[in-house]
Every structure is written in structure tokens, then in C-alpha cells.
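Engineer: For reference, the structure I am asking about is given below.
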Amino acid sequence: MTAADPATILVVEDDEPTRTFLADNLTADGYELLVADSAADGLAHLETKFPDLALIDLGLPDRSGLDVIARVRASDGVASRIDPAVPIIVLTGRAGELDRLRGFERGCDDYVCKPFSYPELRARVEALLRRSEVRRRPGRTRVGDLEIDAASRVVRLRGAPIALSQKEFALVRTLASDPTRVFTKEELLRSIWGFRTLGSTRTLDSHACRLRHKLGGFGDRYVVNVWGVGYRLVDGPPSQLAAFVEAPPLAPAAAMALPGLAVVGAAPLHPVLLGAWLLAAVAIAVAAAGRLELRRRRELVARACHELRGPLTAAHLALHAGARHGDAAPARLAAIDLELERAGVALDDLAAARRGRRAPDRYEPVDVGDLLAYQAATWRIVAGVFGCRLELVEPARGAIVRGDRLRLAQAVGNLVANALEHGTGRVELVARALGDRVRIEVADEGPGLPAPVGDLTRRPRAGRGRRGRGLAIAADIADRHGGRLVAAPSSRGARVALELPAWRGARPGE
């Protein structure tokens with residue numbers, strides 16, 4: 001590898017400190033870095049980015065790193081876009097002889113046990129890259145007059161080289177890898193930029209615009225924006241592409257779907273062609289709407305599954321602790337009963353998700369003090385598992401809200417679970433009556449939120465070790481109760497609060 005063509009290294013590691021350490025050091029040594037925290041993301045990078053070497057942890061959240069290695073080595077390099085010869089170094093805490101044998105049997109080239117010395121790892125990386133310089137690299141891809149040489153990272157249009165930035169090259173290479181399909185914005189941002197959420201970024205659109213400009217007259221014909229979905233690369237012979245330049249403007253949906261129908265010159269459109277364009281536009285709109293509906297239903301299922309895990313885990317641990325200590329106090333049993341009711345609501349949500357719905361809310365006056373007491377009784381057991389200490393601060397008397405008791409328990413439980421998982425030391429649970437509002441706060445002593453709470457809830461992140469879906473569910477529940485989820489100022493750690501309208505009617509039981 002030369003300084004002008006640095007090697008690209010993929011790091012597949014779910015432990016954030018280790019991943020950051022490797023990325024910082026390898027980048028400082030001049031390597032291009034791709035990072036992934038799951039097997040699925042790692043395989044996606046291997047299929048689209050073609051790294052020169054991969055560092056893979058074995059203990060990944062969605063599947064074993066050994067499965068990733070086996071998948072790579074089983075690739076034929078033709079039907080699959082994964083290069084089966086990519087060098088792989090295993091990074092793991094499993095130091096046993098049997099573990100090493102399994103790693104080499106699956107096809108790794110080297111095996112490094114944690115903790116390891118970075119200079120030694122760098123030397124192993126350099127040695128593998130030297131030996132692999134002559135290995136087979138991805139060949140050339142041609143789409144019409146556009147040619148992408150993956151080995152030399154050169155793009156040519158009608159034989160003339162086009163100077164592209166690293167990200168522009170990665171974008172056109174990814175689109176050319178499958179010219180017949182539309183790549184969604186989310187998968188492009190994940191595979192090329194490593195983004196976990198879309199947010200309001202215009203990075204992809206700005207790079208696509210610059211790429212079109214550099215491709216000149218054919219730019220907007222090659223890199224096509226499929227409205228509401230993503231981008232694709234038009235796959236057509238040069239004659240069809242040339243006809244685009246002379247044809248009158250078309251409806252965007254029709255031009256994207258049926259570029260070959262543009263060979264009409266300046267003559268009036270034939271009714272059959274116009275009908276075909278309209279049908280194509282309708283088909284694209286229906287497909288986009290169907291995709292959005294499918295994504296919405298999948299998110300409903302994911303939320304219901306998320307809400308099942310929390311209460312079942314808490315109830316299980318509380319029952320185990322009660323049996324171990326011979327403690328069957330009524331308060332503990334009531335707290336466990338509440339958690340099991342929460343699980344029942346999640347099951348109702350799971351059943352309703354098949355129809356794209358959510359189980360209905362049941363509104364009643366709810367005493368926030370009782371609600372927090374039940375939550376604290378259950379989650380104190382879970383806090384011990386995480387090495388934290390959960391403390392309930394006596395809420396102000398008369399803190400009553402009108403809402404669904406089990407939904408509010410879901411929201412508070414998610415805030416507590418996030419604080420226990422990501423915080424350290426003391427976790428505080430408190431409710432305050434503030435005029436016409438009731439404020440339920442959960443504070444921890446951890447590193448704080450990784451992003452503004454609004455960003456985390458707008459695009460919940462799947463996977464382990466992130467605040468995201470739980471906060472999104474809590475924010476949705478607060479919104480349905482006429483309130484909101486906010487991040488309160490804190491000198492240390494994170495302080496997340498549910499603000500709900502206070503109830504001025506009769507107290508529960510009166």
C-alpha cells in the first residue's frame with residue numbers, strides 16, 4: 001500500500017472504548033477506517049466497501065464473529081459481493097486453545113487475545129497487508145459509458161478519468177454494485193458514512209449533487225434520486241443515455257422508472273408511452289408507501305418486543321431475590337404484579353402490530369407516588385445486577401395524573417432501565433408537582449446522553465449499548481398523555497424527565 005492509496009481496515013467491535021481506541025490509532029497511522037458494532041453492519045461493509053483487512057471481535061450482539069468469518073470464506077466472490085480472500089484478524093478475550101483452533105478452522109488469518117499491545121497489533125496488520133497486496137482485488141464494473149475500477153479507485157466516463165473524493169467514489173461504487181436496485185438513504189449513510197441515524201443531515205444529497213456535477217451532462221442520468229426512497233444508478237446502453245440529453249423534460253418518477261422510454265425526440269408523446277409513465281409513477285408511489293408502512297409495522301413489533309424484555313426481566317429478578325431471601329412482602333408482590341401487567345400490555349401491542357396498530361390506552365387517575373414506589377421496589381433488584389444503587393426520593397403529595405397506569409409504568413421503567421444500563425453509582429427517581437404539571441425525573445451519574453434527547457427519540461437506534469428505542473417509547477407515551485420527554489440540566493450524568501399535565505379531579509380510590 002502507498003501513501004496515496006492507504007489501506008482500508010474494517011473494525012467490527014461492539015465494545016465502544018475498544019472500537020474508539022482502534023479507530024483513533026489506526027487512523028493516526030494513515031489507514032482508512034470502517035467501523036461496525038454488529039455482525040450485520042460488518043457484513044454490509046464487506047459487501048459494499050471491500051476493505052483491505054478486517055478486525056473482527058467474536059462476541060458480537062447479533063451473532064458470533066465466527067459466523068461472520070465463515071460467511072466471508074464461503075463467498076464465491078461472484079454471486080456474492082464479499083471478497084472471500086480478505087485478510088481477517090480475530091480480536092477476542094477468548095484465549096483458550098480450543099477457541100483459537102475454532103477461529104483458524106473458520107478461516108481467520110491471525111488471532112489476537114485481549115488485552116493486547118497496539119504496536120504488536122499494528123505489526124500484525126502490516127504483515128498481513130504486505131502478504132495480501134497481490135491477492136485478487138475487485139475488478140472493473142461498467143454501467144453504460146461509466147467504468148469503475150475498484151482496484152485502482154479510478155472512475156472513467158467515456159474513457160476520461162473523473163476526479164472524485166473518497167466518499168464520492170464510495171457512493172458511485174456502491175450504486176454500481178447493483179445498478180438495478182434503489183439504495184435507501186439509510187443504508188447508504190450507514191454503509192458509506194457509518195451513520196446510525198438519518199436525522200436532518202444533507203450529507204448524502206450534497207455528495208450526490210457534486211457527483212452529478214463531476215459526471216457532466218450525464219450526471220443526473222446516472223445518479224438518480226428516487227424521491228422519498230434513496231438513489232440508484234441508471235443501467236442503460238450509451239444510446240439510451242444519449243437520448244436523455246435530447247429528450248424534453250419528463251415527470252421525475254417516469255424518468256427514473258423507465259429511462260428507455262425517453263427516446264422520443266421532440267415529437268408529442270404517444271398516449272401509450274404517457275400511460276406507461278403514469279403507471280410507472282403510480283407503481284413507484286405505491287411501492288414507496290408500502291415500504292414506509294412495512295417499516296412502521298416493523299417498528300411497532302420492535303417496540304412491543306422491547307417492552308416485553310424489561311418487565312419480564314425485572315419480575316424474574318424480583319421473584320428470584322424474594323425466594324432467595326424468603327421475602328414475600330405485599331409491596332414487592334404488588335410491584336411484580338405491575339411488571340407482569342406491563343408485559344401483558346406489550347403482548348397486546350405485539351398482537352395489534354400485525355394490523356399496523358397499537359393496543360388502546362385506558363385512562364384513569366394515577367397516583368404518581370404509588371407508581372414510583374412500585375417501580376423502585378422492582379428495579380432495585382435490577383440495579384444490583386448493574387452495580388448501581390436506585391434511590392426513590394419521596395414525591396410531592398398530590399402528584400396525580402390522568403392516564404394509562406401501565407403505559408406510564410412502561411415509560412418510567414424505560415427511563416430507569418436506561419439509567420441503570422448506562423449510568424454508574426446512584427440512580428435517583430423523583431416526582432415533583434409543579435403547578436399544573438407533574439415532573440418525573442430519573443437521574444444517573446454516568447457519562448450523559450450521547451446526543452440531544454430529541455435526536456435520540458426521533459430515530460431510535462437498534463442494537464446493544466445505546467439509549468434510543470426505550471426513550472422513543474417513553475416520548476411517545478408522554479406525547480399521548482399531553483406531556484413531553486425532556487433532558488433536564490445536570491452537572492453530572494444524565495437527567496431525563498417526563499412532564500405530564502396534573503390531574504385536578506378525585507384521587508384514585510376516592
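Engineer: Eigenvalues of the Cα gyration tensor times 5, then square-rooted: what semi-axes does that give for region 142-182, in whole angstrom, largest first?
Structural biologist: On the way: eigenvalues 48, 33, 13 Å².
Its equivalent ellipsoid spans semi-axes of 15, 13, 8 Å.
Engineer: Right, next: Note down the net charge around residue 436, summing +1 for each Lys or Arg and -1 for each Asp or Glu among other residues with Cβ under 13 Å from its Cβ. Could you put the intermediate results ahead of the total?
Structural biologist: Numbers: positive: 402, 432, 437, 439, 504; negative: 499.
Neighbourhood net charge equals +4.
Engineer: Take the eigenvalues of the Cα gyration tensor for region 1-133, scale each by 5, and report the square roots as semi-axes in whole Å, largest first.
Structural biologist: Here the semi-axes work out to 19, 18, 14 Å.
Engineer: Taking R0 as 35 Å, what's the FRET efficiency between residue 278 and residue 205 from their Cβ-Cβ distance, rounded to 0.05? Can you show the working numbers first?
Structural biologist: Numbers: r = 27 Å, r/R0 = 0.77.
Approximately 0.85, to the nearest 0.05.
Engineer: In terms of Cα to Cα distance under 17 Å, which lysines are near enough to residue 49, apart from those fewer than 8 places away along the same chain?
Structural biologist: By straight Cα distance, residue 49 reaches 167, 185.
Engineer: Right, another one. Given the Cα-Cα distance of residue 455 and residue 292 and 0.36 nm per residue of separation, how much length would full extension add, in nm?
Structural biologist: Gain on stretching residue 455 to residue 292: 56.7 nm.
Engineer: With a cut-off of at most 11 other beta carbons within 10 Å, and DSSP calling the residue loop, which trypsin sites (Lys or Arg not before Pro) in region 27-124 qualify? Please list them. All intermediate terms of the calculation are to be shown ahead of the outcome.
Structural biologist: Numbers: sites: 49, 63, 71, 73, 81, 94, 100, 102, 106, 122, 124; in loops: 49, 63, 81, 94.
Of the trypsin sites (Lys or Arg not before Pro), not one in the loops of region 27-124 has a Cβ with at most 11 other Cβ atoms within 10 Å.
Engineer: From the backbone phi of region 183-193, what are the Karplus-calculated ³J(HN,Hα) couplings (6.51 cos²θ - 1.76 cosθ + 1.60, θ = phi - 60°) in whole Hz, Gly and Pro given as x?
Structural biologist: 8, 5, 4, 4, 6, 5, 5, 6, 7, 9, 9
Where a number appears in this text, it was derived from the coordinates with a stated rule and is not lab data. If you're wondering where the values come from, they're calculated on a predicted model, not measured in any experiment. When we count neighbours, we look across all protein chains shown, and the Cβ atoms used for this are built from the backbone with ideal geometry, even at glycine.
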